[in-house]
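**Q** I have a structure here, written as structure tokens, and I will follow up with some questions on it.
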Amino acid sequence: MLALPQRLVIGQPPNDGTPRFPQALRSHGDTCAARPHAYGESRRYARVKLVEPGGRPLRAEELPKDRNLIFHYPYASTPCFLLNLGRPVKPAARLKTAENRDYEWHGGVGPNRSIVAYSAICAHQLAYPTRDISFISYRAETSARNKLAHVIHCCAEHSQYDPADGGRVVAGPAPQPLAAILLEHDPAGDELYAVGTLGGEMFNQFFAKYQFKLAMEQGGGARQAVNGTATVSQLENYCKQQVKC
């Protein structure tokens with residue numbers, strides 16, 4: 001059995017009077033997570049194993065570099081990007097939500113600490129990948145409208161985010177970084193798990209804006225919590241068209 005490191009608790013205040021936080025976050029193996037200090041904004045959801053479309057556990061070493069992979073978490077209708085950036089990312093980044101609340105992101109996971117995940121809901125106008133079209137995706141290359149490489153670019157209003165720096169906004173009108181998806185890497189099986197979120201969630205706004213559309217597509221299942229496993233697909237196989245600008 002894989003030994004668990006010491007549990008990290010965000011919910012019990014230390015003796016020094018540091019502010020209390022509402023959620024607990026456990027570290028299992030190699031984890032991208034918030035630490036128990038004043039930079040909170042982390043939320044714990046179900047621990048969900050990432051799997052291939054056929055149900056086989058996804059292996060970290062098999063993730064292609066610089067490819068858009070998509071899964072849904074923590075709800076059945078909320079898409080996320082899973083990215084292998086092919087290089088170790090920054091070990092830490094201090095960021096702010098749109099409400100000016102501080103939080104700290106602690107890098108990637110996997111053997112090379114190059115694997116990261118983010119909500120695929122743009123923090124500006126809530127554009128997101130659908131089965132028909134995606135205006136937002138990761139771009140390893142530059143283009144006429146995309147002067148920055150290795151960014152998540154939303155072509156709806158040209159917000160751009162740096163996935164190697166906690167989803168920080170590097171261009172465009174987005175008021176805050178993309179919410180990070182907290183990952184765990186189990187080195188015993190080279191498996192990946194989603195365990196929570198970090199930063200400014202946009203889920204309530206997403207459900208409100210797309211209430212009718214989600215109801216037509218998924219009935220009452222749009223807000224259903226993901227449990228057990230989450231299927232990871234290549235973006236080009238998930239949606240019919242990617243808008244690239």
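**Q** Where q = 0.11, 0.19 Å⁻¹, what log10 of I(q)/I(0) comes from the Debye formula for region 117-245, counting one point per Cα?
**A** Each listed q maps to, in turn, -0.42, -1.23.
**Q** Here is a follow-up. How far apart, in nm, are the 7 Å Cα→Cβ label points at Ala92 and Arg56?
**A** Spacing of the two 7 Å Cα→Cβ label points: 3.9 nm.
**Q** Just to be sure I understand the model, the point goes 7 Å from the Cα along the line to the Cβ. What's the resulting Ala171 to Asp132 distance in nm?
**A** 2.8 nm
**Q** A follow-up question, please. So how do 202-214, 80-92 stack up, highest first, on mean other-Cβ count within 10 Å?
**A** 80-92, 202-214
**Q** Would you calculate the separation in nanometres between label points at Asn100 and Ala225, each defined as 7 Å from the Cα along the Cα-to-beta-carbon direction?
**A** Label at Asn100, label at Ala225, 3.4 nm between them.
None of the figures in this text is laboratory data; all of them are computed from the coordinates on show. Fair warning: this is a prediction, and the values are worked out from it, not measured in the lab. Cβ sites come from the backbone with ideal geometry, for glycine too, and all protein chains shown count toward neighbours.
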